[in-house]
1. Just give me the residues in region 120-133 being part of a helix (DSSP H, G or I) and either surrounded by 14 or more Cβ atoms within 10 Å (Cβ to Cβ) or modelled with pLDDT of 90 or more (or both), in sequence order.
2. Please specify each residue of region 155-187 satisfying the condition of being touching a Ser or Thr at 6+ places or on another chain (Cβ under 6 Å) and either open to solvent by 20 Å² or more (accessible area, probe 1.4 Å) or at positive phi (or both).
3. Taking region 134-149, which residues are of a type outside the set (D, E) and open to solvent by 90 Å² or more (accessible area, probe 1.4 Å)?
4. Within the set of pairs 6 or more residues apart or between chains, which connect a residue that is closer than 19 Å to T101 by Cα inside region 51-67 to a residue that is part of a loop (DSSP other than H, G, I, E, B) with Cβ atoms less than 9 Å apart?
5. Exactly one of these conditions fails for T79: (1) open to solvent by 60 Å² or more (accessible area, probe 1.4 Å); (2) closer than 27 Å to I196 by Cβ; (3) touching a residue at least 60 places away in the same chain (Cβ under 8 Å). Give me its number.
6. Can you find a residue in region 161-181 that is touching an Asp or Glu at 6+ places or on another chain (Cβ under 8 Å), outside any loop (DSSP other than H, G, I, E, B) and more than 30 Å from P65 (Cα to Cα)?
7. Quick check: is even one residue across region 134-155 at pLDDT below 90, small (G, A, S) and more than 19 Å from the chain's Cα centre (by Cα)?
8. Taking the options P152, P112, name whichever one is open to solvent by 40 Å² or more (accessible area, probe 1.4 Å), out of contact with any Cys (no Cβ under 8 Å at 6 or more places or on another chain) and closer than 26 Å to A91 by Cα.
Amino acid sequence: KENVRLSRSGISVEEKQNISDFAYWILQIGDGKISDITDENNLNDKDTSLIKIPTDLIVHSSGNPISSIFLVTYPNFETSFTNFDYLRERAIITPRNTIVTDLNNYIIELLPGEQHVFLSYDSLCSSNGNVENLEASYRVEFLNKLDFNGLPTHNLILKIGMPIMLLRNLNQSLGFCNGTRLIMTQLFSRIVEAKILTGNNIGHKVFIPRITLTAIENKWPFIFKRRQFPIRPCFAMTIN
């Protein structure tokens, strides 16, 4: 992503250097090569599990941390949310789905327009040998509360004009694949329309149907099925 930003026109030499320095710093953290905090038990050693965040990267909160993060990442949101470039160039990245949900719900509330809620149909895969016993143990109400990486939520909140991310490959020849970011343009009960926000087909309109997606996690003794639009709001998103 940093390489893409560095190749854009209109960026000053100083801005390019700042972006390059930041990208290098992130890579150094990922490789475990930065250790700038002393181990409290041994002042001669550095604690490699901790790093010192530069002050210019710290978001200071005087109240609601969700609001503080939003204001720093999306300045002038009320006048800029209709701008493709504004939405394409920013997103909040966090490692936890719960924080992503809190951030997205907060920003969706600020977005003008009618809010639409789409509920998924959740079930267990029939290939499970003891599916009848499992269905008796895991009721639909419980399945609705499950949240898996790579799957949309049961309770999907959408508004026209909001950015979304595609969670499955639907048409790779059009660049319409997992990770594609789009802008919601029309909402219907069984299909939604959106414009591609990133890649080689920016502005191209596409239709997204409800599809059945499956998930497996070691902590659950079943294969999970969810029929829903394969998208998530992406004002905020997880690292993976």
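The values are calculated or read from the model by the stated rules, or taken from the named source; none is laboratory data. The model shown is predicted, which means the values in this text are computed figures rather than measured ones. All Cβ positions, glycine included, derive from the backbone under ideal geometry; neighbour counts span all protein chains shown. Just so you know, the surface numbers come from the protein's heavy atoms only, side chains and all, with ligands and any DNA or RNA stripped out. Shrake-Rupley method; radii C 1.70, N 1.55, O 1.52, S 1.80 Å.
1. Residues of region 120-133 that are part of a helix (DSSP H, G or I), as a first pass: 131-133.
Selection gives V131 alone.
2. Filtering region 155-187 for residues touching a Ser or Thr at 6+ places or on another chain (Cβ under 6 Å) gives 166, 181.
Across region 155-187, the qualifying residue is only R181.
3. Of region 134-149, the ones of a type outside the set (D, E) are 134, 136-140, 142-146, 148-149.
Passing the criteria: R139, K145, N149.
4. Taking only residues 6 or more apart or on different chains, the pairs are P65/V59; S67/S61.
5. Just one mismatch for T79, condition (3).
6. The initial filter retains those residues of region 161-181 that are touching an Asp or Glu at 6+ places or on another chain (Cβ under 8 Å), namely none.
Among the residues of region 161-181, not one is touching an Asp or Glu at 6+ places or on another chain (Cβ under 8 Å), outside any loop (DSSP other than H, G, I, E, B) and more than 30 Å from P65 (Cα to Cα), which makes the answer no.
7. Yes, that holds for at least one residue.
8. Just one listed residue meets the conditions, P112.
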